[in-house]
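These notes concern the structure reproduced below.
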Amino acid sequence: MKKSKGVIGLFIVFISLIFACSGENQSEASLVKKVVETTEDGKETATVYTYEGDLIKTIDAVATLTTFTYTQDLITKKSVLDKKSKKTVITTYTYDKDQLLEAKTASNGVIYTQKGKDTISFEHYDLDADNKQKVLFTGLLIFEKGNLAKEERTTVSNDGKTVEKETVDYEYDDKVNPLAAAKGFVNLLDYKEIASANNVTIIAVTNSKKEGDQEISAANLYMYSYTYDEKGKRPTEQITSDVRPQNGKSGALKTTYFYNE
């Protein structure tokens, strides 16, 4: 199953973090301890999560080990170790109170600016050899009820002749995302829908490219369905489906969840 470019980035790596739990109080959410993903060809991979109380500490996946560092109740550093290359990418997070201002690595970053109660603009940049920022694309994040409802992204070529736009619309269920119970995780805007208050059920992606008078567009649709435990509070299984994939081939991914009791 092939995800559309720009939908997921981090989402491909962390898709297993999307899980649900009923109830209006976030304290009712249980923290997941292991996720097992089954691919279309039947291959299984496991991801293990560790915590200190309600602080998320590590995500141990097949290819990577992610470690989170806190300053009080906010995540201020994320270290991602590539197990094969042994290289580590460190992301540092800076805030104004609890509002994320920037997520930055040694080679790139994202600057966030609050535009209104539920709207945040962003600039994604690379760093050149002189450590100067070169903006790659800009966009908006629009929130509703603690969920990322829409992401808009615009890329303009250096000569200004080509404009690429991507719009991602999200829909959610009404149940609590257990990661909302992990302190500071909902503040990480670079995790997008994975850090939302509820659980994503639909992602609709529209891409367009305009060169002069010519414009080409395409759309993809992804759907997520859940099976819950006997109390209806925690999912035991998730099915991810490409309904309108870009390559014309639909697929499905099964995810099974195990929780800290």
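Some points to look at:
- Selection within segment 49-88 - in contact with a strand residue (DSSP E or B) (Cβ under 6 Å, 6 or more places away or on another chain), hydrophobic (A, V, I, L, M, F, W, C) and surrounded by fewer than 15 Cβ atoms within 10 Å (Cβ to Cβ): Val62
- Every residue from segment 144-171 that is open to solvent by 30 Å² or more (accessible area, probe 1.4 Å), in contact (Cβ under 8 Å) with a residue 24 or more places away in the chain and out of contact with any helix residue (DSSP H, G or I) (no Cβ under 8 Å at 6 or more places or on another chain): Glu144, Lys145, Arg153, Lys161, Val163, Glu164, Lys165, Thr167, Asp169, Glu171
- Positions within segment 89-106 being open to solvent by less than 50 Å² (accessible area, probe 1.4 Å) and β-branched (Val, Ile, Thr), in sequence order: Thr91, Thr105
- Taken together, Val176, Val163, Val200, Val135 contain a single residue that is in contact with a Gly (Cβ under 8 Å, 6 or more places away or on another chain) and either among the hydrophobic types (A, V, I, L, M, F, W, C) or at positive phi (or both), which is Val176.
- Residue list for segment 95-109, filter: part of a strand (DSSP E or B) and among the basic types (Lys, Arg): Lys104
- The residue that is farthest from Val186 (Cα to Cα), counting only those in segment 109-143 that are of a type in the set (D, E, K, R) and exposed (fewer than 12 other Cβ atoms within 10 Å of the Cβ), is Asp130.
- Criterion violated by Glu237 - all others in (1) modelled with pLDDT under 90; (2) over 29 Å from Ile75 (Cα atoms); (3) part of a strand (DSSP E or B) satisfied: (2)
The values are calculated or read from the model by the stated rules, or taken from the named source; none is laboratory data. Owing to the predicted nature of the structure, the values given are computational and were not obtained by experimental measurement. Ideal geometry is used to build each Cβ from the backbone, glycine not excepted, and the neighbour counts take in all protein chains shown. These accessible areas exclude ligands, DNA and RNA; they are computed on the full protein's heavy atoms, side chains included. Shrake-Rupley method; radii C 1.70, N 1.55, O 1.52, S 1.80 Å.
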